[in-house]
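One structure is given here, and the rest of the page talks about it.
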Amino acid sequence: VFLARQPGDVVERDAIIEDVWGGRFVSDDPLSKCVAELRKVLGDSARESRYIGTVHKRGYKLLLPVEPIATSEGNAVELGRRWPKWLGMAALASTLIAAAFLGFRNADEPTSPEIEVAPAPLRQKLAVLPLVSRSDAAEDSFIADGLHDDLLTELARVSDWDEISRTSVERFRATEDAMAEIASTLKATLILEGGVQRNGKQVRINVQLIDPSDDSHLWAETYDRELSVENLFDVQSEIVESIVGELATALDAKMPLAKPVPTQSFEAYSEYVKGRRFVRTESVTALNEAVEHFKLAMEIDPLYAEAHAALADAYLSLAVYFFGGMQPAEAISAAEPLIRRAIELNPNLAQSYVANALLQILQSDSTAAEEAINTAIRLQPSYPRAYRVLANLRWRQLRSDEAIKLAEHASSLDPLS
């Protein structure tokens, strides 16, 4: 129909994408696929075109003359705003184009089962506030942030509750707000808070689970450990596993499978945490800063799966979500080996599969993108980014009602994003 507005004229590829996709970013691949589907329905071919001609390195043009169609009222059909009135054989052409559009849309529908995104009626929503570092030493803040990051990741793997995302809970770092106010803002039914205090090699970590409706403490624990660079990650993993286990018991939930320690290098871990801080800002400048930190983390520890996945995600986010952030082809080339390596190093890391979904979206493979997102949600049911990427995919498939539902669910998991 867009080509029919300008029959016989060369229509630039960018102009088609701008009009048909409404300014949203897509690569050239979906356009090429649309044209191929139209030709298939019309019985046309790229080599001997009778309907749609390809103009090398520029775009396409409709080869048929377009004439007006008379309506029962004797007026010409108007094909939308800014469109001139066309008559004649456009009746057949527009019918076939509509059929081709519907055929393309149905061909792009995924075959995998639908994901249930609506939380259960009485489902708990857990907000894990940033752990407070009760020390002036800069490295102690990394210990607190690292514990918080691991807690968020592990607790999000439990399917028996929904967890509020890092982006939203970060707003309440070192807050003095009442628990009821925080819960109201985040729509949380449970809040986990705590702090880290270090004195020499001794570290004390205290955490408590609070019911914000009456400010009552449902569970609390204090962990005293001797800490060093050599045992930092073993101690951190032990404490996180213990907290998750205690919470699962207190809330009658199933424990997630244990995950391997991501790295044994404090320097690599520090760079990774710094990169994660920049990612939260979600801007071109911040993501480029994050890229540098993730690269350093990988250089220090080439077996660090999380750093591989985070770097790939940063590259792809620059290409998918920001005009001019990074060229799609460049992002695909940089991210693909990183994703493959991250999955080899840790096949149970949800972040790798979300990055893979973004990669497949850029490559216009909806089925592979959906499979990757399904895997991510299975591994980490409360991962809002997975639902956000799936909403993006549904929007590109023109399934707007589902896209909105998924975006709303992502928003419920990350209400202050």
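The values are calculated or read from the model by the stated rules, or taken from the named source; none is laboratory data. Because the structure is predicted, anything quoted here is derived from the model rather than measured. In this analysis, Cβ positions are derived from the backbone assuming ideal geometry, glycine residues included, and neighbour counts consider all displayed protein chains. Accessible surface areas use protein heavy atoms only, side chains included; no ligands, DNA or RNA. Shrake-Rupley method; radii C 1.70, N 1.55, O 1.52, S 1.80 Å.
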Which peptide among 212-220, 407-415, 175-183, 386-394 comes first, and what is the full order, when sorted by highest mean count of other Cβ atoms within 10 Å?
386-394, 407-415, 175-183, 212-220
Long-range amide H partners of residue 132, meaning residues 5 or more apart or on another chain whose placed amide H is closer than 5 Å, are 194, 195, 196
Give the shape of the range 332-411 as rounded, prolate or oblate, defined through the alpha-carbon gyration tensor: a ≥ b ≥ c are the square roots of its eigenvalues, a/c under 1.5 means rounded, and otherwise the shape is prolate if a/b is larger than b/c and oblate if not.
oblate
A 31 angstrom limit on the alpha carbon distance is what I want to check against. Which of 40/405; 187/295; 125/274 exceed it?
40/405; 187/295
So who's got an amide H within less than 5 Å of the one on residue 49, skipping anything under 5 residues away but keeping other chains? H placed 1.01 Å off N, in plane.
none
Accessible surface, per residue, of the range 263-417 when the full set of protein chains is kept, probe 1.4 Å, Å²
39
How much accessible surface does residue 321 have with a 1.4 Å probe, in Å² rounded to 10?
60
Would you tell me the accessible area of residue 128, worked out with a 1.4 angstrom probe on the heavy atoms of the protein chains, in Å² to the nearest 10?
0
Per the C-alpha gyration tensor (a ≥ b ≥ c, the square roots of its eigenvalues), the range 366-417 is rounded if a/c is under 1.5, else prolate if a/b beats b/c, else oblate; here it's oblate
Counting other Cβ atoms within 10 Å of each Cβ, which trypsin sites (Lys or Arg not before Pro) in the range 252-351 have at most 15 and sit in a DSSP loop?
254, 280
Please work out the C-alpha center-to-center distance from the range 163-215 to the range 368-417 and express it in whole Å.
26
Would you please classify the overall shape of the range 281-366 from the alpha carbon gyration tensor, given that a ≥ b ≥ c denote the square roots of the eigenvalues, rounded means a/c under 1.5, and beyond that prolate means a/b larger than b/c while oblate covers the rest?
oblate
